[in-house]
1. At a Förster distance of 25 Å, what's the computed FRET efficiency of ARG42 paired with ALA6, Cβ-Cβ distance as r, to 0.05?
2. Would you compute, for the Cα atoms of region 37-81, the largest minus smallest coordinate along each principal axis and list the three values in descending order, in whole Å?
3. If eta is 0.890 mPa s and T is 25 °C, what Stokes-Einstein diffusion coefficient results for region 44-121, Kirkwood Rh from Cα pairs, in µm²/s?
4. Using +1 on the beta carbon of Lys and Arg, -1 on that of Asp and Glu, and nothing else charged, what's the dipole of region 1-89 about the Cα centre, debye to 20?
5. Per 10 Å bin from zero, what fraction in whole % of the C-alpha pairs of region 158-312 is there, up to the bin with the longest pair?
6. Any chance you could run the full-extension gain for LEU262 through ALA309? It's 0.36 nm times the residue separation minus the Cα-Cα distance, nm to one decimal.
7. Compute the accessible area per residue over region 75-196, keeping the other protein chains in place, probe 1.4 Å, unit Å².
8. Which Cα, out of ASN11, GLY158, VAL27, lies furthest along the positive dipole direction of the chain (beta carbon charges, K/R +1, D/E -1)?
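The values are calculated or read from the model by the stated rules, or taken from the named source; none is laboratory data. Just so you know, these numbers come straight off a predicted model, no measurement behind them. Reconstructed Cβ throughout: ideal geometry from the backbone, glycine too, with neighbour counts over all protein chains shown. Areas reflect the complete protein model, heavy atoms only, side chains present, ligands, DNA and RNA absent. Shrake-Rupley method; radii C 1.70, N 1.55, O 1.52, S 1.80 Å.
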Amino acid sequence: MDDVFARFSENRWDDFLDELDKIRVSVVDPAERQQVKATARRDAREAGTQPLLVRMALADHYLNLLAIGVWAGDESWRGDLRDLVATLVPEDDESRDDALLSSVIAVVLAQLLQDARLRGGSEADVIARSAWEKAQEWAAYAEDWHVERLLHASTEAGARVVTASEVQEVVELATAAADDDHAETIAALEAEGLTAEFMNGVWVVDGDFRNPVRAAARAITLTGYGCVLARNIRQSAIMLWHENTLAMADSKIPRWRVYPILAPVTPQSKFSGGEGLPFTRETHPLAPAPEVVRRLADAVGVNLSHLLAALR
């Protein structure tokens, strides 16, 4: 660990932000960037053995390097920053200032969520989700005056910085998630332009989208195994998904259609083709519902008769 971080080993919480200001750098010679990145990665790997204030300073240092463009065109920082934020979750017996620690965590999570989604499937999405699951409950307690001091500004080419509003979004989502188990899913759906409500085990998605089947497929891909009812003023569609099987029905063609969903296929990719429905050999009348549909309904905990009433 570089000697520059030794100043944070003395558990001086009141001086932390002032000491950060002293070690932040404004430029790195392009010829030295590879070595600087290698050192930052080494420090990230060793962070778990350091005192909490040192871990916090290392996380801010990573944000500092991002802000001055050291990682321009290189996304490998995401995994390192995820691992760093995991080390920020304190042990029960560690001395800490909760508001300050929470503010650092919120800023780091905001950086990881930049160009990433909590319910997406890209590498950036998966990394952000992992970091969020480890540390999000702490982000809810961030304080504005700490966040303001922790933000970085830069005009360097390739710089990555987060804004106060991006951090505020993280704080608000973490706060909502603490009060509502479905807050993250609702936020993910809203980010896709889908207005949803969770009712009796069913995600009900309303909107002016043209194709409810595609809306249902997108929504159930985001929400995961379960049930979605998507509807506009003209048409509605139902999807039931559990493990490797998905059943769907829509009000225009009132039949159950059953599909295998095997990774890397998702419901969204399955139904992303042309205007017609993807082919399947397994179709059934709506009622009486076939055994496969009844099993799916039981597995995800929904009332099949209520679903059919909503479809009609």
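1. Values: r = 16 Å, r/R0 = 0.64.
With R0 = 25 Å, the Cβ-Cβ based efficiency is 0.95.
2. 31, 16, 15
3. Values: Rh = 13.2 Å.
This corresponds to a translational diffusion coefficient of 187 µm²/s.
4. Details: 12 positive and 17 negative charges, 61 e Å.
It works out to roughly 300 debye.
5. P(r) for region 158-312, in whole percents per bin: 10, 40, 31, 13, 5, 1.
6. Numbers: separation 47, 0.36 × 47 = 16.92 nm, distance 2.97 nm.
Gain on extension, LEU262 to ALA309, equals 14.0 nm.
7. On the way: 5810 Å² over 122 residues.
Averaged over the residues of region 75-196, the accessible area is 48 Å².
8. GLY158
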